[in-house]
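Everything below concerns the one structure shown next.
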Amino acid sequence: MTAASRTIDLSVTGMTCASCVSHVEKGLQALPGVQASVDLVNASARVLAPDTVSRSEEHTSELQSRFGIS
């Protein structure tokens, strides 16, 4: 049985090149069960995450400091 998942759309600031996109995608996908697609032009990320991954203040703060994600 597959765990329930949800799609989360995030705003990403500070990306200037394809290397930035790759860095953010790899960082997001390092979270267990997470798949991510990052768009440089729209400064956004679409994340498919298991319901067990929260968007708590703690996680949000870490993502903001590491990748400029909100």
For this session: Would you please name the residue that is farthest from the chain's Cα centre (by Cα), looking only at residues in the stretch 1-13 that are of a type in the set (A, V, I, L, M) and farther than 13 Å from ASP51 by Cα?
Result: MET1
Exercise. For the stretch 14-38, how many residues meet the condition of being touching a helix residue (DSSP H, G or I) at 6+ places or on another chain (Cβ under 9 Å), assigned to a loop (DSSP other than H, G, I, E, B) and either at pLDDT below 90 or under 26 Å from THR52 (Cβ atoms) (or both)?
Worked result: 3
For this session: Give the residues of the stretch 14-31 that are surrounded by fewer than 11 Cβ atoms within 10 Å (Cβ to Cβ) and under 12 Å from the mean Cα position of the chain (by Cα), sorted by residue number.
Result: ALA30
Problem set entry | Evaluation of SER61 against (1) of a type outside the set (Val, Ile, Thr); (2) at pLDDT below 90; (3) open to solvent by less than 60 Å² (accessible area, probe 1.4 Å) (one fails), failing number | (3)
For this session: Tally the residues that are open to solvent by less than 80 Å² (accessible area, probe 1.4 Å), free of Cβ contacts under 8 Å to residues at least 40 places away in the same chain and either assigned to a strand (DSSP E or B) or on the phi > 0 side of the Ramachandran plot (or both), restricting the search to the stretch 39-52.
Result: 4
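The values are calculated or read from the model by the stated rules, or taken from the named source; none is laboratory data. A quick note: this is a predicted structure, and the numbers were derived from the prediction, not measured. Using ideal geometry, Cβ is built from the backbone for each residue, glycine included, and neighbour counts are taken over all protein chains shown. Ligands, DNA and RNA are stripped out before the accessible areas are found, and what is left, the full protein with its side chains, is counted by its heavy atoms. Shrake-Rupley method; radii C 1.70, N 1.55, O 1.52, S 1.80 Å.
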